[in-house]
Amino acid sequence: MARIDYFFATLSPYCYLAGTRLEEMAARQGAEISYKPFDVVSAFARTGGTPPKDRHPSRQEYRAQELVRQAKKLGMPFNLKPAHWPTNGAPAAYAFIAAQEAGGGDLGQLAHAISRAVWAEEKDIAEDAVIRECLAGAGFDPALADSGLLVGAETYARNLEEAVERGVFGAPFYIVDDERFWGQDRIADLELHLKGDL
């Protein structure tokens, strides 16, 4: 069975736009997904990237247009300037890691619920109540929001180191063996690769 290492960021609009297409594709291809939440802004600093707020105005303008276009194309609700962005994405990542350890729910739904809360629901994913709601909605014990914080922090930091070592410089980022795919618009290419057609 092929394994997809999925590096994602809780605050990334592009991870939100990926929806659950990765999980649907993996199910079709009989692949497993290893979820690796990481601090993408720290990865930018270490891989030659720039946080969105520090980019040249032309890049910021293009990003704004492209995000809106992609959301329309995908038929997904999207707020280009959400009320709670940027915020601290680490607590939600720690809760995700705790859920990953505990099991019992749907990790794909949880990842999507967290990013949807930011980009479509005007919620602050740094707040415990929002994290609990996301956990419960994906079939996990909402109390996981309060557990495993040390392990979560350690895993989150370790995922960043692994990301940089493996050539990850943005999110969403998918790796199968040594093949890397960057962006929600590369899921179809990833599927072709898993099928042996690319």
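The values are calculated or read from the model by the stated rules, or taken from the named source; none is laboratory data. This structure is a prediction, so every number in the text was calculated from the model and none was measured. Cβ coordinates were reconstructed from backbone atoms using ideal geometry, including for glycine residues, and neighbour counts include every protein chain displayed. What goes into the accessible areas is simple: the full protein's heavy atoms, side chains included, and nothing from ligands, DNA or RNA. Shrake-Rupley method; radii C 1.70, N 1.55, O 1.52, S 1.80 Å.
Structure above, values below:
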| item | result |
| --- | --- |
| Residue among Ile97, Ile33 that alone is in contact with a Ser or Thr (Cβ under 7 Å, 6 or more places away or on another chain) and either open to solvent by less than 50 Å² (accessible area, probe 1.4 Å) or not in a helix (DSSP H, G or I) (or both) | Ile97 |
| Hits in the stretch 158-187 (condition: without any contact (Cβ under 8 Å) to a residue 12 or more places away in the chain and in a helix (DSSP H, G or I)) | Arg158, Glu161, Glu165 |
| Residues of the stretch 65-86 satisfying the condition of being modelled with pLDDT under 95 and surrounded by 12 or more Cβ atoms within 10 Å (Cβ to Cβ) | His84, Trp85, Pro86 |
| Total residues in the stretch 120-156, condition in a helix (DSSP H, G or I) and open to solvent by 50 Å² or more (accessible area, probe 1.4 Å) | 11 |
| Any hit, the stretch 37-55, residues being of a type outside the set (A, V, I, L, M, F, W, C), open to solvent by less than 20 Å² (accessible area, probe 1.4 Å) and not in a helix (DSSP H, G or I) | yes |
| Condition check for Glu23: acidic (Asp, Glu) and touching a residue at least 12 places away in the same chain (Cβ under 8 Å) | yes |
| Residue in the stretch 108-119 that is basic (Lys, Arg), surrounded by fewer than 19 Cβ atoms within 10 Å (Cβ to Cβ) and assigned to a helix (DSSP H, G or I) present | no |
| Residues being farther than 26 Å from Asp124 by Cβ and touching a residue at least 40 places away in the same chain (Cβ under 8 Å) - total across the stretch 27-60 | 7 |
| Residue under evaluation Val130, criteria (1) more than 24 Å from Glu24 (Cα to Cα); (2) β-branched (Val, Ile, Thr); (3) in contact (Cβ under 8 Å) with a residue 60 or more places away in the chain, criterion not met | (3) |
| Scope the stretch 8-28; condition over 19 Å from Asp189 (Cα atoms) and of a type in the set (A, V, I, L, M, F, W, C); matching residues | Ala9, Leu11 |
